[in-house]
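*Asks:* Here you go, one structure.
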Amino acid sequence: MNYKQGMFKENSFFNQTIVITGGGSGLGKSMAKYLSQLGATIIITSRNFEKLQITAEELQEEIKGVIIPIACDVRDYEQVEKMLGIAYEKCGKIDALINNAAGNFISPTERLSANAFDTILDIVLKGTKNCTLALGKKWIKNQEEGVFLNIVTTYAWTGSAYVVPSACAKAGVLALTRSLAVEWAKYGIRMNAIAPGPFPTEGAWNRLLPGNLKDKFDLKNKIPLKRVGEHQELTNLVAYLLSDFSAYINGEVVTIDGGEWLQGAGEFNFLDQIPEEMWDMLEQMIRAKKGK
Ligand code: HXC
Ligand code: NAP
């Protein structure tokens, strides 16, 4: 057993249809690959149809599963309804939807135009709202049960400088997750979130660590486990939270970041910079203060 391996039995998702927004690249593509390997029919959707088609062909060739590309800008409610309509027509039902599509880039906030700020809010928060509302209404009307999984990040609750629109939007998605988990549970709809730390993808790395920032700020150094994430360990968690094995988990956000955000949060975590040999001296200094 190791974290680079798939965790589920073959065909665990047989006869399931799963929609993945932003499924043509990065983490969404890895989710599509693993869930398809497990027997699910996958709908991948994003703005760039050509990219989706290439991904679908590549994965189908590799896995022999069914991967259906449908173009849709999640910012536009009508396009979302249309995409879900096509998915129902082709598959008869949808069992789960992963709100994975996102937009992001680093910038001092004062340099952003109002439109730049809105662009990120629209993709991440409004896009998640659009997909959730449109599919939630269908499920409730048809009396179908289902699972939503929202991909956020740890700065949804800590906030983060230089990615402020993304932090605001992801915080909103987390609030949506915790709110609807309660409100829609009565319809048999579960909603959870995953908060990944750094998992290398072209989309994120090019926008968050452009040029030589990748070498200057090696993200591994911020992480107690001293490594970035492997896509398979994230997709194992995705599969678990979509599966019936997690039937009692609802409204939860699961962090998968090697301890990164807590490293930044703990008041005395900086003491890991103290060399081992200094601790004897420090202990003596502290003990010498006894009774004073
Ligand atoms: C300042 C910028 C900018 C930049 C764009 N804009 N890039 N402003 N600095 N680097 C401004 C534009 O000038 C414009 O404002 C507005 O933003 C919209 O830009 P467009 O290019 O017209 O938008 P669009 O074509 O919709 O592209 C959206 C995008 C793009 C977000 C800008 O990067 C994209 O398509 N991203 C999708 C994929 C992605 O971002 N993946 C990374 C996710 S990583 P004006 O005023 O000029 O009109 C992630 C990780 C989180 O979320 C956690 C990591 C640990
Ligand atoms: P990515 O490859 O850039 O994925 C983002 C996807 O969103 C792209 O496929 C993009 O496709 C799609 N998208 C963007 N705007 C859209 C829109 N308006 N409508 C529909 N689709 C749209 O980046 P990633 O790293 O895999 O990120 C995936 C998710 O993980 C995101 O939610 C991100 O915030 C989260 N995350 C990533 C990391 C990480 O380290 N990689 C860490 C924490 C959280 P098109 O351009 O074709 O539309």
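The values are calculated or read from the model by the stated rules, or taken from the named source; none is laboratory data. All of these numbers come straight from a predicted model, not from anything done at the bench. Neighbour counts are summed over all protein chains in view; Cβ atoms, including those assigned to glycine, are modelled from backbone coordinates with ideal geometry. These accessible areas exclude ligands, DNA and RNA; they are computed on the full protein's heavy atoms, side chains included. Shrake-Rupley method; radii C 1.70, N 1.55, O 1.52, S 1.80 Å.
*Asks:* Where residues in the stretch 41-54 are out of contact with any strand residue (DSSP E or B) (no Cβ under 6 Å at 6 or more places or on another chain), within 16 Å of ligand 1 (Cβ to nearest atom) and in a helix (DSSP H, G or I), which of them is most open to solvent (accessible area, probe 1.4 Å)?
*Replies:* Glu50
*Asks:* A follow-up question, please. If Gly26 meets every condition in (1) buried (at least 18 other Cβ atoms within 10 Å of the Cβ); (2) on the phi < 0 side of the Ramachandran plot; (3) within 16 Å of ligand 1 (Cβ to nearest atom) apart from one, which number is that one?
*Replies:* The failed condition is (2).
*Asks:* Take the stretch 106-127 and flag every residue that is in contact (Cβ under 8 Å) with a residue 60 or more places away in the chain and more than 15 Å from Tyr162 (Cα to Cα).
*Replies:* Scanning the stretch 106-127 gives a single hit, Gly127.
*Asks:* So is Thr132 away from ligand 2 (no atom under 11 Å from the Cβ) and open to solvent by less than 50 Å² (accessible area, probe 1.4 Å) or not?
*Replies:* In short, yes.
*Asks:* Of everything in the stretch 177-215, what is of a type in the set (S, T, N, Q), over 30 Å from Tyr248 (Cβ atoms) and either touching a Ser or Thr at 6+ places or on another chain (Cβ under 8 Å) or open to solvent by less than 20 Å² (accessible area, probe 1.4 Å) (or both)? Give them in sequence order.
*Replies:* Thr201
*Asks:* Could I ask something else about it? When you scan the stretch 59-68, do you find a residue that is within 9 Å of ligand 2 (Cβ to nearest atom), in contact with a strand residue (DSSP E or B) (Cβ under 8 Å, 6 or more places away or on another chain) and open to solvent by 20 Å² or more (accessible area, probe 1.4 Å), even just one?
*Replies:* no
*Asks:* Does Leu97 satisfy the condition of being within 13 Å of ligand 2 (Cβ to nearest atom), closer than 22 Å to Gly188 by Cβ, touching a Phe, Trp or Tyr at 6+ places or on another chain (Cβ under 6 Å) and among the aliphatic types (A, V, I, L, M)?
*Replies:* Taking the combined requirement at face value, the residue satisfies it.
*Asks:* Tally time: how many residues in the stretch 79-105 are open to solvent by 50 Å² or more (accessible area, probe 1.4 Å), closer than 24 Å to Leu174 by Cα and part of a helix (DSSP H, G or I)?
*Replies:* Residues that pass the stated criteria total 2.
*Asks:* Yes or no: Lys222 farther than 15 Å from Val254 by Cα and away from ligand 1 (no atom under 11 Å from the Cβ)?
*Replies:* Here the answer is no, as Lys222 does not meet what is asked.
*Asks:* Looking at Val173, is it within 13 Å of the chain's Cα centre (by Cα), assigned to a helix (DSSP H, G or I) and surrounded by 13 or more Cβ atoms within 10 Å (Cβ to Cβ)?
*Replies:* The answer is yes for Val173.
*Asks:* I've got another one for you. Between Gly159, Gly146, Gly188, which is free of Cβ contacts under 8 Å to residues at least 24 places away in the same chain and away from ligand 2 (no atom under 14 Å from the Cβ)?
*Replies:* So the residue among Gly159, Gly146, Gly188 that is free of Cβ contacts under 8 Å to residues at least 24 places away in the same chain and away from ligand 2 (no atom under 14 Å from the Cβ) is Gly159.
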